[in-house]
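Working notes, beginning with the structure itself.
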Amino acid sequence: MPRFDADGVREEWDYAADAYAKGQSEGRDYYRLEFFGPYQIAMMGDVAGKALLDVGCGAGYFSRAMHERGAKVTGIDISPRMIDHARETGPAGITYEVLDAAAIDKKFPAASFDLATACLSLQDCPEPGRVLKAVAKVLRPGGRFVSAIEHPFSSMPFRQWQRGDDKKTKKWLCVDRYFERGAIPYTWKRWSYEFTTRALHVTLEQWIDWTVEAGFTIRALREPKPTEEALRSQPELEDATRVPYFLIFDLTAPAAGSAR
Ligand SMILES: C[S@@+](CC[C@H](N)C(=O)[O-])C[C@H]1O[C@@H](n2cnc3c(N)ncnc32)[C@H](O)[C@@H]1O
């Protein structure tokens, strides 16, 4: 397995990109498409006319949603193959760049964007603390960063559902080693081919420290649960009504002139 650094992550997601883009276009990723994605989109409110940066945009799922709502979107991702898919899907009004999120502030001038988003990508970056600092710099003072991550309470190094005698019923989620920091592998099964990617597990305390060190203030923290409609469409989402799988940070960038 490659190192969990910029090169390793690029290699991993480049390999994943074809299956990931195809699976998303076929609706396979229902946790994102029917559950936390719509929740995060609703949190964005009115984005019309706003300059928006989508960090770790992948094949462009969230960028397209923001473009459809009238934002002027720039999507960046470390994986060239993901960006190929995003550009192919379009529309042409979205600007896509291959870029390591840790270098956002080298590429874009300070205060370039009104808003930034990251749809389950920040914990895939090897250095989320650096990314948060870079995003703070390219946001205008008081701009918002809305970022969904895997909830640290359910992304632990040991995580396993205890099943009933029928081997299907999920009785309870066993978790352990919360305080152990690490890049946790996840194998995406039942896609057009199997691939493994890694996401960084750190404590909630560490996420808050990174956020504060970057100069952000927290407007809200959200722990989404699936709607009744999503549950009717995808009954398998029932487990997400019992365990917090996702955490969405709604952050405000520092005021002009404040230390970062
Ligand atoms: C789970 S995918 C999410 C993609 C997209 N936001 C979506 O909702 O479909 C995570 C993405 O983060 C990207 N990524 C990982 N590390 C990155 C980094 N350092 N800089 C930019 N993108 C990165 C990966 O290439 C991948 O496309």
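Please verify whether segment 144-152 includes one or more residues that are touching a Cys at 6+ places or on another chain (Cβ under 9 Å) and within 11 Å of the ligand (Cβ to nearest atom). Checked segment 144-152: at least one residue is touching a Cys at 6+ places or on another chain (Cβ under 9 Å) and within 11 Å of the ligand (Cβ to nearest atom). Considering segment 136-184 alone, what residues qualify as being under 30 Å from ALA110 (Cα atoms) and assigned to a strand (DSSP E or B)? Answer for segment 136-184, where residues must be under 30 Å from ALA110 (Cα atoms) and assigned to a strand (DSSP E or B): LEU139, ARG140, PRO141, GLY142, GLY143, ARG144, PHE145, VAL146, SER147, ALA148, ILE149, GLU150.
Among residues of segment 24-42 being buried (at least 16 other Cβ atoms within 10 Å of the Cβ) and more than 10 Å from the ligand (Cβ to nearest atom), the one that is farthest from GLU236 (Cα to Cα) is ILE41.
Based on what the data block shows, is TYR31 modelled with pLDDT under 95, closer than 19 Å to ALA118 by Cβ and not basic (Lys, Arg)? Judged against the criteria, TYR31 is a match.
Quick check on GLY56: is it crowded, with 17+ Cβ neighbours inside 10 Å and out of contact with any Phe, Trp or Tyr (no Cβ under 8 Å at 6 or more places or on another chain)? So GLY56 passes the test. Can you run down the residue pairs with Cβ atoms below 6 Å, 6 or more apart or on separate chains, where the first is in segment 25-54 and closer than 21 Å to LEU247 by Cα and the partner is polar (S, T, N, Q) and within 13 Å of the ligand (Cβ to nearest atom)? As it stands, the answer is LEU53/THR74; ASP54/SER63; ASP54/THR117, since those pairs meet every condition given. In this structure, ARG190 qualifies as in contact (Cβ under 8 Å) with a residue 24 or more places away in the chain, on the phi > 0 side of the Ramachandran plot and not aromatic (Phe, Trp, Tyr). Considering segment 121-150 alone, what residues qualify as being small (Gly, Ala, Ser) and under 23 Å from TYR61 (Cβ atoms)? Selection gives SER121, ALA134, GLY143, SER147, ALA148. When you scan segment 4-19, do you find a residue that is closer than 24 Å to PHE249 by Cβ and free of Cβ contacts under 8 Å to residues at least 60 places away in the same chain, even just one? Within segment 4-19, not a single residue is closer than 24 Å to PHE249 by Cβ and free of Cβ contacts under 8 Å to residues at least 60 places away in the same chain. Among the residues of segment 195-209, those identified as over 12 Å from ILE149 (Cα atoms) and either within 15 Å of the ligand (Cβ to nearest atom) or of a type in the set (Phe, Trp, Tyr) (or both) are PHE195, THR196, THR197, ARG198. For segment 185-239, taking the residues that are under 16 Å from the mean Cα position of the chain (by Cα), assigned to a strand (DSSP E or B) and of a type in the set (A, V, I, L, M), the one that is surrounded by the fewest Cβ atoms within 10 Å (Cβ to Cβ) is identified as LEU221.
The values are calculated or read from the model by the stated rules, or taken from the named source; none is laboratory data. Quick caveat, the model's predicted, so the values are computed rather than measured. Note that each Cβ is placed from the backbone with ideal geometry, even for glycine, and that neighbours are counted across all protein chains shown.
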